[in-house]
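K.L.:
I am attaching a structure below and will ask some questions about it afterwards.
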Amino acid sequence: MEKIKYTLENLDCAGCAAKAEAAVNKAPWIEKATVDFMNKRLTVHLSDINPNADEDIQKIIDSVLVGVNVVLYEGEDAADAMKRGRKKQCDSEACDCCDGHESEHGHSHEHGGEENEKLMLVTTILALAAGAVGIAAHFITFPHHEIVSAVGYLGAIVFAGYDVALKGVKSILKKRLDESALMAIAMVAASILGEFFEGAMVAVLYRIGEWLEDKAVDNSRESIEALAEIRPDTANVKRSTGVKVVRAEKVEIGETILIRPHERVPLDCIVTEGSSDIDSSALTGESLPIVAEPGSELLSGMMNGDGSLTAKVTNNYENSAAARIISLVTESAENKGSAEKFVTRFAVVYTPIVVGLAFVIALLPPLLGFGTFREFIFRSLTFLVASCPCAIVISVPLAFFSSIGGASRFGVLVKGGNFAEQLARAHAIAFDKTGTVTEGKPKVHKLSSGEGFSEKEAAQLAAAAEINSSHPYAQAIRDYAGAVENITGYKNYTELAGHGVSCENAEGKQILCGGAKLMKKYGVAVPEGINAQAYVACDGRLAGSIFISDSPKEGVEKTIAELKALGADQVTMLTGDGISSAKQVAESVGIDNYRAELLPENKVEVIEEMKAKGLITAFVGDGINDAPVLAAADVGIAMGLGSGAAIEAADMVLSSNNLGTLPRAIRHFRRTMGIIKFNIAFSLLFKAAVLIAAAFGYAPMWAAVFADVGVCLICVANASRLIQPKN
């Protein structure tokens with residue numbers, strides 16, 4: 001299924017964004033389409049090949065909106081797009097502004113935007129001045145003061161409403177009744193009916209409200225765009241000719257870079273020379289610095305301290321940690337929560353209903369003799385102006401947008417509003433053990449040799465069998481054995497997921513190293529009641545029992561207690577390790593339920609059992625083997641930015657690798673859902689009150705404007721608070 005992204009130029013109405021999304025989703029060759037109003041971005045997933053997709057999508061947009069251009073979004077990644085901010089894209093091959101460089105053309109885009117802002121400011125000031133003249137002339141008696149007052153009000157209407165009127169006329173000519181058309185009709189009709197003050201108030205309040213609304217949305221967008229600054233565009237690469245400044249995307253894995261004092265780390269790397277304090281707060285939310293020295297792994301986006309570091313690049317530009325973070329946050333709008341989906345459906349159904357009611361109010365009462373057409377047309381116009389659903393349509397996606405950006409500030413990355421919503425509701429939380437609940441650095445504290453084998457022989461056999469395994473237990477066994485002697489001649493290495501490993505030594509004898517299940521599978525008898533974490537066997541005989549321990553991470557016990565206090569009814573630990581090891585760790589951190597000796601597919605089965613009971617599930621894990629269960633849970637949460645497979649399968653990432661951020665994330669997203677519910681209820685109730693008052697003639701038109709832009713501003717300001725997360 002092909003995915004294509006477009007920029008929707010001139011999209012300035014949240015209700016219009018909802019219409020565009022609904023219209024594009026109706027195309028039979030489109031599997032799914034989402035419009036991100038905050039970034040003016042349309043993402044489509046094609047179900048069938050369509051060579052004319054670009055042109056067809058433009059036609060679809062033209063059928064529901066006026067003046068919105070569909071521009072193919074390509075040639076840059078999320079960070080570059082964010083750094084460009086709100087610059088227009090262009091089709092000229094000679095123009096390089098679209099790939100992050102300054103250019104004459106690019107400056108013209110910015111200059112054009114500045115000119116528009118200046119024009120808006122000047123016309124708004126003129127509108128206010130004209131309106132003040134109209135009000136003054138209304139209350140001060142002098143010759144022809146009524147004419148001067150009317151001219152003042154008309155001037156305010158013209159200066160404040162010319163742009164929306166032009167858009168409205170275009171919409172009406174294309175037989176569309178959008179927000180611009182409603183405002184244009186209201187201003188013109190009020191003037192025709194002689195209600196110049198009402199028309200002026202509509203124009204001026206709408207202009208000021210739209211300007212404030214745009215500023216509030218832009219401030220939230222800029223807070224997210226600041227993320228792009230964590231990834232430098234260039235790197236200092238050490239070459240044979242000296243240190244050369246190279247664009248970061250041109251640096252290859254294995255090259256050596258120099259990180260000067262107070263520079264950001266441009267690419268994921270390992271320090272080879274030097275030492276320095278490193279600020280990782282931009283990635284992990286952790287305020288305390290970490291010490292970098294030879295062997296330390298650094299992630300792109302970290303800030304170097306006072307020391308100079310030489311490092312070897314381990315990840316290219318596109319796969320660096322900073323790029324992952326930027327991509328996760330900026331693309332999160334593609335996965336909308338149920339609240340956002342409700343708003344989109346609501347806007348599409350709501351608008352035709354209120355327009356129909358407005359016509360009923362304008363025509364039916366006077367036809368039945370309850371008043372004049374002039375009176376009820378005015379009520380109808382007031383009803384229409386008040387009916388715009390922008391408060392909900394903007395504030396709900398803005399709340400998720402701000403919330404996801406705010407969560408990234410304390411080291412929680414979310415792939416979409418739907419996952420934020422699910423975590424807020426989750427009451428069944430399961431954890432992997434090794435590397436999640438525990439440090440992931442197990443150590444062998446005892447090895448009991450079998451009959452006919454010395455402890456050293458058993459350790460050497462186990463280390464030789466585990467020589468190629470990446471499992472933490474394998475590393476612990478190799479560390480315990482030290483230098484492995486006489487390893488030559490080993491062959492037929494096989495790793496059995498969840499069980500252990502097998503191979504043959506130079507004499508052709510089978511060597512097994514793994515848990516009790518592996519020994520049982522191959523008929524090797526193990527002592528009863530000792531519950532070792534691993535065993536090693538040679539040619540069907542037990543060579544040794546290996547006892548391995550892994551300490552719980554600091555603060556995990558507190559985290560589990562916090563989760564229970566937040567209402568997590570089922571906190572479970574799922575592990576492939578033995579029962580005794582699982583029991584010991586679970587009891588030490590306060591986890592009541594644990595399941596041991598599980599294969600990856602068994603963990604998936606446990607999650608499916610929980611979901612079958614109607615529980616919303618979250619699973620937290622860090623390894624490649626956790627990918628299936630991360631994908632199976634309602635919310636899959638990966639620990640850290642290390643495992644690409646885990647991050648790919650997960651819906652959320654704790655970039656700090658700190659389990660303590662999970663309760664904070666739950667509180668943050670519950671706060672998000674609370675703000676969203678408040679905004680929806682507040683805007684609907686307020687609008688309902690004004691609509692009823694307008695229908696019965698108790699609401700002036702300026703009150704209807706407040707019900708539109710005023711309520712929208714309140715909801716936007718409320719949603720924008722989420723960009724600053726609470727502790």
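K.L.:
Using the Cα atoms as the points, what is the convex hull volume per residue of the chain in Å³?
P.N.:
206
K.L.:
Indicate, rounded to the nearest 5 percent, the antiparallel portion of the DSSP beta bridges found entirely in the chain.
P.N.:
Once the DSSP bridges in the chain are tallied, antiparallel ones form about 80 percent.
K.L.:
Now, a different point. How would PHE376, PHE547, PHE370 line up from fewest to most surrounding beta-carbon atoms within 10 angstrom?
P.N.:
Listing PHE376, PHE547, PHE370 from fewest to most nearby Cβ atoms yields PHE370, PHE547, PHE376.
K.L.:
Still on this model: What is the distance, in nm, between label points placed 7 Å from the Cα along the Cα-to-Cβ direction at ILE692 and at ALA497?
P.N.:
6.0
K.L.:
Follow-up. Rounding to the nearest 20 debye, state how big the charge dipole of the chain is about its Cα centre with +1 on each Lys and Arg Cβ and -1 on each Asp and Glu Cβ.
P.N.:
That gives the chain a dipole magnitude of about 1800 debye.
K.L.:
Quick check: net charge around GLU255, other residues with Cβ under 10 Å of its Cβ, Lys/Arg +1 and Asp/Glu -1?
P.N.:
+3
K.L.:
So, in Å, what gap is there between the alpha-carbon centers of region 28-65 and region 640-714?
P.N.:
26
K.L.:
Right, another one. Please say if region 443-549 is rounded, prolate or oblate, where rounded means a/c under 1.5 for a ≥ b ≥ c the square roots of the C-alpha gyration tensor eigenvalues, and otherwise the choice is prolate for a/b larger than b/c and oblate otherwise?
P.N.:
It comes out rounded by the Cα gyration axes.
K.L.:
Provide the net charge surrounding THR617, with neighbours chosen by a C-beta distance below 15 Å and charges set as Lys +1, Arg +1, Asp -1, Glu -1.
P.N.:
Once all neighbours under 15 Å are counted, the net charge is -4.
K.L.:
Can you work out the Karplus-derived ³J(HN,Hα) for every residue in region 396-410? Use 6.51 cos²θ - 1.76 cosθ + 1.60 with θ = phi - 60°, whole Hz, and x for glycine or proline.
P.N.:
After applying 6.51 cos²θ - 1.76 cosθ + 1.60, I find 5, x, 5, 4, 5, 4, 5, 5, 5, x, x, 5, 5, 6, 10 Hz.
K.L.:
Packing-wise, with mean Cβ within 10 Å as the measure, how do 184-191, 684-691 rank, highest first?
P.N.:
184-191, 684-691
K.L.:
So, in nm, how far is label ASP306 from label ASN10 when the simple model puts each one 7 Å beyond its Cα toward the Cβ?
P.N.:
5.7
K.L.:
Another question, if that's okay. Helix-only mean residue ellipticity at 222 nm, the chain, DSSP H runs n ≥ 4 weighted -39,500 (n - 2.57), per residue, nearest 500. What is it?
P.N.:
-15500 deg cm²/dmol
K.L.:
Can you compute 3J(HN,Hα) from phi for each residue in region 426-436, using the Karplus curve 6.51 cos²θ - 1.76 cosθ + 1.60 with θ = phi - 60°, rounded to whole Hz and x for Gly and Pro?
P.N.:
5, 10, 10, 10, 10, 10, 6, 8, 5, x, 10
K.L.:
Something else about it: I want to check the label-to-label distance for SER448 and ASP56. Put each point 7 Å from Cα in the C-beta direction and report it in nm to one decimal.
P.N.:
Output for this residue pair reads 7.0 nm.
K.L.:
Would you give the gap between the C-alpha center of region 368-414 and the C-alpha center of region 195-215, rounded to a whole Å?
P.N.:
First find each Cα centre; the distance between them is then 15 Å.
K.L.:
What's the exposure ranking of LEU72, LEU574, LEU598, going from fewest to most Cβ atoms within 10 Å?
P.N.:
The fewest-first ordering by Cβ neighbours comes to LEU72, LEU598, LEU574.
K.L.:
Follow-up question, since we're still on this one. Say R0 is 30 Å: what FRET efficiency, to the nearest 0.05, do LEU126 and LYS215 get from their beta-carbon distance?
P.N.:
The calculated FRET efficiency here is 0.90.
K.L.:
Full-extension gain between SER275 and PHE678, please, as 0.36 nm times their residue separation minus the C-alpha to C-alpha distance.
P.N.:
Once the chain is fully extended between SER275 and PHE678, it gains 140.1 nm.
K.L.:
So for the chain, averaging the separation of alpha carbon pairs under 8 Å that are six or more residues apart and normalising by length, what relative contact order in percent results?
P.N.:
Over the chain, the number comes to 13 percent.
K.L.:
Quick one: which of 397-409, 424-436, 297-309, 711-723 comes out on top by average Cβ neighbours within 10 Å, and what's the full order, highest first?
P.N.:
With the highest mean Cβ count within 10 Å placed first, the list reads 397-409, 424-436, 711-723, 297-309.
K.L.:
What ranking do 195-202, 471-478, 237-244 get when scored by the average of other Cβ atoms within 10 Å per residue, highest first?
P.N.:
Averaged packing, sorted descending, gives the order 195-202, 471-478, 237-244.
K.L.:
Something else: If the chain between VAL151 and PHE342 were fully stretched, how many nm would it gain, using 0.36 nm times the residue separation less the Cα-Cα distance?
P.N.:
64.3 nm
K.L.:
Cα centroids of region 564-590 and region 444-471: how far apart, whole angstrom?
P.N.:
29
Bear in mind that the values in this text are calculations on the coordinates, not laboratory data. If you're wondering where the values come from, they're calculated on a predicted model, not measured in any experiment. Ideal geometry is used to build each Cβ from the backbone, glycine not excepted, and the neighbour counts take in all protein chains shown.
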